[in-house]
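As structure tokens, the structure follows; a few thoughts come after it.
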Amino acid sequence: MNHKALTARKLGLFSCEDCQLLSRTDRDNNRPCCPRCGAPLHLRKPQSIARTLALITAAALLYIPANVLPITVTATLGDQQNDTILSGVIYFIGDGSWGVALVIFVASIIIPLAKLLILGYLLATVKFRSAWRPRDRTALYRLTEAVGRWSMVDIYVVTILVALVKLGAVATIEAGPAAGYFAAVVVITMFAARNFDPRLIWDVLEEER
Amino acid sequence: MNARLFSMDILACKDCDLLNSLPATDRRGTLICARCGAVLHRHRPDSLNRSLALILAALILFVIANSFPFLSIRSGAFSQETTLLTGVGELWRQQLPGLALLILLTCFLIPLSQMVGLLYILTPLKWRHPAPGARHVFRFIQHTSPWGMMEVFMLGILVALVKLGKLATIVPGPSVFAFGLLIFVVAAAVSALDPPLVWEKLDRRR
């Protein structure tokens, strides 16, 4: 990697996270603000590694009840059925709705898991000063950040089901405990991705020399 | 005292911090970072007019989409219909206030505030006069932008439609089309909006 690459940090320049303006500040200014938009300035996202690690750990722990506990409780004519995210997917497959099964499987099981694994991997590569394919790792980060919010789809499905299926004794659906845990997983992984600073990937390459 | 040193002809890549210089003239097309490929600048023609028109359209569709039920179910003697807000209300009733609040925020409050906020910022700019507090509003909009999830909600409607379609008679309500259209209009508005241009116009240091 080209260690002569000129970065903003090398010149002591702050790049505003909101308006992209480059500016410099006095050394004794503890809380520099962007002269154009007033946003607080940081050279790198504050405590990026620590915060991201804490958040993905929390999300990983919550991922367990989110999948083990039922996400919907369906009561039909005296019979009660608990469904987890996975059992819902299997039900769709059995019913022949392959498309929907795939959507829920990818959005609710694959994406959160992939986010946790990818962010964990990126953290490890930064911590251990890896020089492996920084451009691809940055692209991986961009993908992770873009795709995360789609995991919320199952929460919205549950909301709609719960609001619609209020048919007295014939059928009623209630949200199960997993709903809250799963929503927490999605929200926390979104914050985790936001707190990770991809520039760290490139910083360690420069310190190599 | 902070000092501004560079014009907007130099940008630090937000993904790898490399300083990239943008051509002073002719910025058509998409410019990407020389090192990591992140998008630095996208050409958006006639941004102000297009954004304004699309956001206004989006707001109207949003009001329609939330005023009427988007799905109704019928099974035997029972029937039920729902809007986004009744769905939130139902979760609240089921002792899940956190979840209710999350959905209210991501599918209603944040998208609404973003649209209203952008109208507030962009309309005065047509008359070349920045609105008071526009910087704070625009920063708020940029910070909350990943939390507006209406298009995800739309996908949720489709999935619920399939799931329930097998069990009972599902009738899409008038709002479904408003929601569907809204998704496209919002996407077009996001594509038309040029944040660097807005920041340039809001810059009070000139």
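Every number here is computed from the coordinates shown, using simple stated rules; none is lab data. It should be emphasised that the depicted structure is a prediction, and the values quoted were computed from it without experimental measurement. No Cβ is skipped: glycine too gets one built from the backbone with ideal geometry, and neighbour counts run over all protein chains shown.
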- line: Between B:V171 and B:S145, Cβ-based FRET efficiency (R0 35 Å, step 0.05) works out to 0.55
field: Shielding score for B:122-128, defined as the mean number of other chain Cβ atoms within 10 Å
entry: 0
- prompt: the range B:60-80 to the range A:132-200: how many Å between their Cα centroids?
  reply: 25 Å
query: Using 7 Å Cα-to-Cβ label points, what is the B:V116/B:L101 separation (nm, one decimal)?
result: 1.9 nm
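Using 0.36 nm per residue of separation minus the Cα-Cα distance, give me the extension gain between A:A139 and A:C33 in nm, one decimal. All intermediate terms of the calculation are to be shown ahead of the outcome.
Details: separation 106, 0.36 × 106 = 38.16 nm, distance 2.92 nm.
Stretched out fully, the A:A139 to A:C33 stretch lengthens by 35.2 nm.
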task: Could you work out, residue by residue across A:8-20, how many beta carbons of other chains sit within 10 Å of that residue's beta carbon, and then give the average as an integer?
output: 5
- prompt: Residues with amide H under 5 Å of B:S72's amide H, sequence separation 5 or more or different chain, H placed in the peptide plane at 1.01 Å from N; which?
  reply: B:V171, B:G173
query: What number, rounded to the nearest 500 deg cm²/dmol, is the helix-based mean residue ellipticity at 222 nm of chain B, given -39500 (n - 2.57) per DSSP H run of at least four residues and division by all its residues?
result: -17000 deg cm²/dmol
message: Show me, bin by bin at 10 Å from 0, the whole-percent P(r) of the range A:121-209 based on Cα pairs.
response: 15, 32, 22, 15, 10, 5, 1, 0
statement: Given Cβ charges of +1 for Lys and Arg and -1 for Asp and Glu, the option among B:Q114, B:Q94, B:A34 whose Cα lies farthest towards the positive end of the dipole of chain B is B:A34
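Using only alpha carbon pairs under 8 Å that are at least six residues apart, calculate the relative contact order of chain A and give it in whole percent.
Details: 276 pairs, mean separation 63.2, N = 209.
Computed over chain A, the figure is 30 percent.
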- prompt: Under 5 Å between amide H atoms, partner at least 5 residues away or on a different chain: which partners does A:T72 have, H built in plane at 1.01 Å?
  reply: A:D83, A:G176
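Please list the helices of chain B that count as membrane-span-like by this rule: a mean Kyte-Doolittle hydropathy of at least -1.0 together with Cα atoms stretching 18 Å or more along the helix axis, each helix being a complete DSSP H run.
On the way: long enough: B:47-67 (30 Å, 1.74); B:110-126 (24 Å, 1.19); B:150-165 (22 Å, 2.03); B:175-192 (25 Å, 2.46).
Those that pass (Cα extent of 18 Å or more, hydropathy at least -1.0) are B:47-67, B:110-126, B:150-165, B:175-192.
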- prompt: Any idea how far apart B:A34 and B:L158 come out in nm if each label point goes 7 Å out from Cα toward Cβ?
  reply: 4.2 nm
Neighbouring partner chain Cβ atoms per residue of B:89-95, average, 10 Å criterion: 4
field: Span-rule helices in chain A, defined as complete DSSP H runs reaching 27 Å or more along the axis (Cα) with Kyte mean at least -1.0
entry: A:48-68, A:177-195
20 Å binning of all Cα-Cα separations within the protein assembly as shown, expressed as whole percents from 0 upward: 24, 52, 23, 2
- line: Of the convex hull enclosing the alpha-carbon atoms of the range A:1-130, the direction-averaged projected area in nm² is 13.6 nm²
- request: Let me have the 222 nm mean residue ellipticity of chain A computed from DSSP H runs of 4+ only, each contributing -39500 (n - 2.57), with the sum over all residues rounded to the nearest 500.
  value: -17000 deg cm²/dmol
- request: Specify the inter-centroid distance of the range A:76-97 and the range B:100-141, based on alpha-carbon positions, in whole Å.
  value: 41 Å
Residue-wise HN-Hα coupling along the range B:12-29, computed from phi with Karplus coefficients 6.51, -1.76, 1.60 (Hz; x: Gly, Pro): 8, 4, 6, 9, 9, 6, 5, 7, 10, 9, 9, x, 5, 10, 5, 10, 6, x
message: Go through the cysteines of the protein assembly as shown and tell me which have no other cysteine Cβ under 4.7 Å away.
response: A:C33, B:C107
statement: Ranking A:N67, A:C33, A:I104 by how far each Cα lies towards the positive end of the charge dipole of the range A:21-109 (+1 on Lys and Arg Cβ, -1 on Asp and Glu Cβ), the top one is A:C33
query: Using a cut-off of 13 Å between alpha-carbon atoms, which aspartates and glutamates can reach A:K10, once sequence neighbours fewer than 8 places away in the same chain are excluded?
result: A:D203, A:E206, A:E207, B:D17
